[in-house]
Amino acid sequence: MKRLLILCGAPGSGKTRISNYLQQQYKFSRVITHTTRPARPAEVAGQDYYFESELSFKKHHYFERVVYDQYHYGSSRAGLEQAWNKSDNAVIVLDTKGALTYCQQLPEQTICCYITVSTPQILLQRVEHREVTGKKHLQSQEGQRDLQIPVELKDKCQVLINDEWQQTVKNLERVLKRNGLLSEV
Ligand SMILES: Nc1nc2c(ncn2[C@@H]2O[C@H](COP(=O)(O)OP(=O)(O)O)[C@@H](O)[C@H]2O)c(=O)[nH]1
Ligand SMILES: Nc1ncnc2c1ncn2[C@@H]1O[C@H](COP(=O)(O)OP(=O)(O)O)[C@@H](O)[C@H]1O
């Protein structure tokens, strides 16, 4: 059965690191989403995101789309199908608004994880040296909203605390096992 693991949470919570780990360790395929945010130095177009202009962003068909810190982000059914063609287990990184849309629209196929840390100070330390967006994302309305799990997601998401990496991996693997997603390679 094709499944989609959703990772949502505040900037710096560790969504991307966890997604990379799942891709490397368990051959999850990543759903690539679209954004008008400029690429960060280490990001690769078509791998981390489809980087779009304001104009090109509008040309795609989205399953859901959001504005986050003034940039546009959107994900498509085609992107999800592409990921599922590569692997039955796909992962997508979303804000909490997008996560709720997926949980509501695809309840049978989605498993949602809200990633968080013990204190907001940790998030600040993790993002303040970022060359693109830096602290700005975190301080934006959407960043502040995503500091806590929205009420509507509480009964739909498993909460994963990402303070210490090895512990995160253990807890993540527990979540994968519980949901029948673990197939070690
Ligand atoms: N709803 C939705 N959120 C997205 C999509 N792509 C990325 N995001 C989210 O947009 C937010 C900003 O992403 P990004 O600029 O990469 O910043 P980061 O969270 O600081 O790494 C994060 O919460 C992402 O999970 C999308 O297609 N749809
Ligand atoms: N458990 C952790 N301990 C220390 N640093 C971490 C941990 N998890 C992630 N990081 C680092 O924090 C920064 C933000 O993580 P990232 O995965 O990019 O967050 P997000 O995608 O949620 O914005 C990155 O430099 C990442 O390597």
Point to revise | Karplus (6.51, -1.76, 1.60) ³J(HN,Hα), θ = phi - 60°, over the range 107-116, in Hz, Gly and Pro reported as x | key: x, 6, 9, 9, 10, 10, 10, 9, 9, 8
Exercise for review: Take every Cα pair under 8 Å in the chain that's 6+ residues apart, average their separations, divide by the length, and report that relative contact order as a whole percent.
Suggested key: 32 percent
Practice item. Hand me the tally of lysine pairs in the chain: alpha carbons under 22 angstrom apart, and the pair either on different chains or 8 or more positions apart. Key: 28
Revision key, fill the gap. Cysteines of the chain without any disulfide-compatible partner (other Cys Cβ under 4.7 Å) are Cys8, Cys103, Cys113
Revision key, fill the gap. Heavy-atom accessible area of the chain with neighbours in place, 1.4 angstrom probe: carbon+sulfur share in percent works out to 48 percent
Check your understanding: Between the range 145-185 and the range 56-107, what's the alpha-carbon centroid distance in Å?
Key -> 19 Å
Review point. Counting other Cβ atoms within 10 Å of each Cβ, which trypsin sites (Lys or Arg not before Pro) in the range 38-103 have at most 15 and sit in a DSSP loop?
Key: Lys58, Lys59
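The values are calculated or read from the model by the stated rules, or taken from the named source; none is laboratory data. The structure displayed is predicted, hence computed values, not measured ones. All Cβ positions, even for glycine, are placed from backbone atoms using ideal geometry, and neighbour counts span all protein chains on display. What goes into the accessible areas is simple: the full protein's heavy atoms, side chains included, and nothing from ligands, DNA or RNA. Shrake-Rupley method; radii C 1.70, N 1.55, O 1.52, S 1.80 Å.
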